């Protein structure tokens with residue numbers, strides 16, 4: 001009951017109630033600390049903006065200033081987020097411990113929260129009270145500079161840059177987060193012209209210090225990121241700023257950015273573009289690569305399935321011509337008679353088509369189209385492994401293959417040949433991938449474990 005009155009007094013700022021409770025039980029604040037409460041009365045007073053009540057709590061129990069609530073916030077964190085400069089100033093006067101550097105949720109300090117929320121006055125007060133706090137990083141390797149850029153707080157970023165110069169900590173501008181991104185990478189990705197002008201403009205303070213050509217964990221420089229996020233002609237101004245900064249960088253002679261000044265992108269050799277857009281394991285994320293492959297495979301599957309359901313008109317005319325001449329005794333055919341073996345049955349018409357026999361043209365179309373469908377569906381199966389509803393997805397894919405085979409049934413007069421071609425085409429993509437592995441395993445099993453004599457021979 002007394003604890004409820006204490007928290008209500010903290011919310012409303014009734015100091016007289018606090019005094020009565022302390023007179024009745026001098027250890028009531030300690031009892032609250034031991035009660036595993038969600039938060040302390042100081043948290044409540046700071047949230048409510050009750051400066052005088054918070055001052056009384058600090059006098060009687062200064063340890064509350066370092067306590068975190070269930071959400072991972074300390075009283076100073078809450079005061080910074082809400083922008084209550086008076087409470088911030090009062091809390092910073094506590095000398096028992098360095099409260100301005102105590103990490104909270106995600107290892108964030110009050111300076112980090114000030115940068116996220118753009119509290120310019122509080123940033124200056126925090127750094128002037130505790131200069132080393134500007135070097136603190138979150139659990140994700142972010143400094144206050146990173147957070148200011150990520151949250152588009154330009155004024156906060158400007159104040160932090162000014163403090164870097166005052167504290168002679170300019171090298172901190174090159175600090176990278178857990179993704180390898182410096183402040184320059186982040187500002188470029190968000191196309192923050194003002195921030196980039198401050199970093200690499202003509203009047204910047206980081207000349208000779210800022211690593212303009214640095215790359216993140218994906219192997220991307222600031223210019224590479226700009227190539228990806230560029231959306232409108234106004235972004236060309238950012239490119240010019242980066243190019244000028246790259247020319248002044250010590251490593252510009254070996255960097256792609258500096259070369260762009262001499263060679264316009266539209267005039268680069270095609271081989272450079274091919275190399276640039278090739279898959280690079282360090283640059284391209286697996287999830288993005290998988291998404292691209294899924295889109296391409298789905299497109300190929302759609303086109304090939306539609307071509308099988310509605311074949312070209314030339315094939316239909318070819319079939320009608322064969323039907324009209326079926327009653328006439330045909331001349332000796334140049335196509336070899338099919339073998340009784342299914343594989344040979346499927347291969348003979350295909351080889352005949354490749355040799356130019358017009359009678360076998362439908363077989364060549366059917367084989368190529370079926371290969372495209374089967375290969376694209378196999379890619380989809382591989383890339384969706386262990387996805388939710390994997391069983392339902394496999395059922396739908398195999399049902400699609402069945403309906404495709406049924407739809408092409410009758411495309412060619414000799415249905416048994418077309419069925420054999422479709423069967424071979426559907427098995428071939430899987431055989432190409434898995435057969436070498438199975439053969440390798442079978443070869444190792446057949447050879448057995450290496451003998452001691454062979455081991456000695458290998459050593460010699």
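Summary table below
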| item | result |
| --- | --- |
| Residue list for the range 138-152, filter: closer than 13 Å to residue 182 by Cα and surrounded by 17 or more Cβ atoms within 10 Å (Cβ to Cβ) | 142, 143, 144, 145, 146, 147, 148, 149, 150 |
| Selection count where residues are surrounded by fewer than 17 Cβ atoms within 10 Å (Cβ to Cβ), at negative phi and not in a helix (DSSP H, G or I), scope the range 68-93 | 3 |
| Flag for residue 124 being without any contact (Cβ under 8 Å) to a residue 24 or more places away in the chain, assigned to a helix (DSSP H, G or I) and over 23 Å from residue 178 (Cα atoms) | no |
| All helices (runs of 4 or more DSSP H) inside the range 2-67 with 3 or more residues being more than 17 Å from residue 82 (Cβ to Cβ) | 2-12, 15-24, 28-34, 51-60 |
| Failed item, numbered, when residue 213 is tested on (1) under 16 Å from residue 225 (Cβ atoms); (2) modelled with pLDDT of 90 or more | (2) |
| Residues within the range 157-196 that are within 27 Å of the chain's Cα centre (by Cα) and assigned to a helix (DSSP H, G or I), tallied | 15 |
| Candidate set: the range 220-254, residues that are surrounded by fewer than 18 Cβ atoms within 10 Å (Cβ to Cβ) and assigned to a loop (DSSP other than H, G, I, E, B); chosen: the one modelled with the lowest pLDDT | 251 |
| When residues of the range 276-327 are limited to those that are farther than 25 Å from residue 220 by Cα and assigned to a loop (DSSP other than H, G, I, E, B), the one modelled with the highest pLDDT | 310 |
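The values are calculated or read from the model by the stated rules, or taken from the named source; none is laboratory data. Every value quoted in this text rests on a predicted model; they were computed, and no experiment measured them. Cβ: placed from backbone, ideal geometry, glycine included. Neighbour counts: every protein chain shown.
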